[in-house]
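Take this structure first; my questions come after.
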Amino acid sequence: MTQLSLICTVKNEADTIAALLDSMLAQSRQPDEIVVNDCGSTDATAAIVQTYIDRGAPIRLVHGGFNISSGRNNAIRHAQGHLIASTDAGLALDREWLERIIAPLEADQADLVAGFYQAAPRSDLETAIGATNYPLAAEVDPNRFLAAGQSVAFRKVVWETVGGYPEWLDHCEDLVFDQAAIAAGFRSTAVLDAVVHFQPRSSLRALFRQYFFYARGDGVANLWPLRHAIRYATYLGLLVLLRNLPQRPWLGALLGLGLAGYTRKPYRRLWLATKGWTFDRRLKTLSLPPIIRLVGDLAKMLGYPVGWLVRLRKFK
């Protein structure tokens, strides 16, 4: 009887799918099956998956879906296990990821388990983006950490009870799924040493696009309205401060303190990540966190109202 299914949904991931499948097949705890859902790829993604199947890998390739939520639902629908572990393309799994993330389910300590994710940068900019935007495990409260779709495990009954991942959402679907599971009374926990590795965005333009759509998803799903309101208020206050800076130079000290507080954790992470680098290279990379934060914040402030308007049209 199939007990444990490892699933993912992919689209046009010909450049990354092999790394993901290799890391799946190298797990210290092997799943009973791997279900890969192809969500309408127009490149060689499905063909690459098929080569693994032809070599005898325990993979089933299924097709369906129109976005990440529907693709993930289709994979789970085809999965035969009563325990589901989920990840995404573009990632590589730690060798012990599956063993660790599934342990609380098998010990009947939880129904939904959040794993962790760490940046695996390939350039100086990606190193800075990873340090600026992603916390270290030691900075995370496991009692409040919500599971992302790329590093999560749950009982299939959780998915059945909440009606699956919300297919009306293209982004933030995993957070809505988590909240629905917790609201339904299922037990949630986090295992922060169950790690998947991802490559941060490789340009500021790609970063802007990423956070625009994340914030758009927040608006559509009505997530974190207070957090977004605080961001708007903060930047409004910054504009007022800058306008009055020529008449009140002492406000520059206040601005400096605010910037230091806003970038304190990113700089602490980046200082550790660049240890051993040459002075010039390190200095250049250490100049990036304020720019990265500004790009991300502008993207969020533009994306959130777009999502809010989409929500009004969807539910009016």
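The values are calculated or read from the model by the stated rules, or taken from the named source; none is laboratory data. Small disclaimer: the values here were computed from a predicted structure and weren't measured. Heads up, the Cβs are rebuilt from the backbone with ideal geometry, glycines too, and the neighbour counts pull from every protein chain shown.
Restricting to region 65-81, name every residue that is in a loop (DSSP other than H, G, I, E, B) and under 18 Å from Gln3 (Cα atoms). Lay out the reasoning, then the answer.
Initial filter on region 65-81 (in a loop (DSSP other than H, G, I, E, B)): 65-67, 79-81.
Selection gives Ala79, Gln80, Gly81.
State the number of residues belonging to region 1-23 that are in a helix (DSSP H, G or I) and among the aliphatic types (A, V, I, L, M). Working first, answer last.
Going residue by residue through region 1-23, those that are in a helix (DSSP H, G or I) are 17-23.
The next check asks that each one be among the aliphatic types (A, V, I, L, M); those that pass are 17-21.
Adding up the residues that qualify gives 5.
Here is a check on your reading of the model: is Gly81 closer than 24 Å to Ala147 by Cα, buried (at least 17 other Cβ atoms within 10 Å of the Cβ) and in contact with a Pro (Cβ under 8 Å, 6 or more places away or on another chain)? Spell out how you get there, then give the answer.
Working: closer than 24 Å to Ala147 by Cα: yes; buried (at least 17 other Cβ atoms within 10 Å of the Cβ): yes; in contact with a Pro (Cβ under 8 Å, 6 or more places away or on another chain): yes.
So Gly81 fits the description; yes.
Could you tell me whether Ile68 is under 17 Å from Leu20 (Cβ atoms), in contact with a Phe, Trp or Tyr (Cβ under 9 Å, 6 or more places away or on another chain), free of Cβ contacts under 8 Å to residues at least 40 places away in the same chain and assigned by TED's automatic domain parsing to the domain that holds Ala19?
Numbers: under 17 Å from Leu20 (Cβ atoms): yes; in contact with a Phe, Trp or Tyr (Cβ under 9 Å, 6 or more places away or on another chain): yes; free of Cβ contacts under 8 Å to residues at least 40 places away in the same chain: no; assigned by TED's automatic domain parsing to the domain that holds Ala19: yes.
So Ile68 fails the test.
Please work out if Gly237 is more than 27 Å from the chain's Cα centre (by Cα), surrounded by fewer than 12 Cβ atoms within 10 Å (Cβ to Cβ) and either of a type in the set (Ser, Thr, Tyr) or assigned to a helix (DSSP H, G or I) (or both). It would help to see each step written out before you state the result.
Details: more than 27 Å from the chain's Cα centre (by Cα): yes; surrounded by fewer than 12 Cβ atoms within 10 Å (Cβ to Cβ): yes; either of a type in the set (Ser, Thr, Tyr) or assigned to a helix (DSSP H, G or I) (or both): yes.
Here the answer is yes, as Gly237 does meet what is asked.
List pairs: first residue in region 42-61 and at pLDDT 95 or above, second residue of a type in the set (Gly, Ala, Ser) and surrounded by 13 or more Cβ atoms within 10 Å (Cβ to Cβ) anywhere in the structure, Cβ distance under 7 angstrom, at least six positions apart or on different chains.
Asp43/Ala14; Ala44/Ala14; Thr45/Ala14; Ile48/Ala14; Ile48/Ala18; Leu61/Ala46
Further question on the same structure: Looking for whichever is surrounded by fewer than 15 Cβ atoms within 10 Å (Cβ to Cβ), under 19 Å from the mean Cα position of the chain (by Cα) and not in a strand (DSSP E or B) here; the options are Ala215, Ala229, Ala206. Which one fits?
Values: Ala215 fails: surrounded by fewer than 15 Cβ atoms within 10 Å (Cβ to Cβ); Ala229 fails: under 19 Å from the mean Cα position of the chain (by Cα).
Testing whether each residue is surrounded by fewer than 15 Cβ atoms within 10 Å (Cβ to Cβ), under 19 Å from the mean Cα position of the chain (by Cα) and not in a strand (DSSP E or B) leaves just Ala206.
Kindly establish whether Pro246 is under 25 Å from Pro289 (Cβ atoms), assigned to a loop (DSSP other than H, G, I, E, B) and either under 25 Å from the mean Cα position of the chain (by Cα) or not assigned by TED's automatic domain parsing to the domain that holds Gln109 (or both).
No: the conditions fail for Pro246.
Residues are listed down the side, and each one gets a yes or a no for (1) of a type in the set (Ser, Thr, Tyr); (2) touching a Ser or Thr at 6+ places or on another chain (Cβ under 7 Å):
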position	(1), (2)
Tyr232	yes, no
Trp250	no, no
Pro266	no, yes
Lys284	no, no
Ser287	yes, no
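Could you count how many residues in region 24-52 are hydroxyl-bearing (Ser, Thr, Tyr), touching an Asp or Glu at 6+ places or on another chain (Cβ under 8 Å) and outside any loop (DSSP other than H, G, I, E, B)? Spell out how you get there, then give the answer.
Taking region 24-52 and keeping what is hydroxyl-bearing (Ser, Thr, Tyr), we get 28, 41-42, 45, 51-52.
Filter once more, so that each one left must be touching an Asp or Glu at 6+ places or on another chain (Cβ under 8 Å): 28, 41, 45.
In the following step, the residues that additionally are outside any loop (DSSP other than H, G, I, E, B) were identified as 45.
So the count comes out to 1.
Among the candidates Phe116, Phe177, which residue alone is free of Cβ contacts under 8 Å to residues at least 60 places away in the same chain and of a type in the set (Phe, Trp, Tyr)? I'd like the intermediate steps shown before the answer.
Details: Phe116 fails: free of Cβ contacts under 8 Å to residues at least 60 places away in the same chain.
Unique residue meeting the criteria: Phe177.
Where the second residue is β-branched (Val, Ile, Thr) and the first is part of a helix (DSSP H, G or I) and lies in region 257-274, which pairs have Cβ atoms under 8 Å and are six or more apart or on separate chains?
Short answer, once both residue conditions are applied: Thr263/Thr132; Pro266/Thr132; Pro266/Ile292; Arg269/Thr132; Leu270/Thr127; Leu270/Thr132; Leu270/Thr285; Ala273/Thr127.
Taking region 213-247, which residues are of a type in the set (D, E, K, R) and closer than 30 Å to Asp170 by Cα?
Hits for region 213-247 are Arg216, Asp218, Arg227, Arg231.
Follow-up question, since we're still on this one. Suppose we filter region 148-181 for residues that are over 15 Å from Ser86 (Cα atoms), among the β-branched types (Val, Ile, Thr) and surrounded by 16 or more Cβ atoms within 10 Å (Cβ to Cβ); how many remain?
Number of matching residues: 2.
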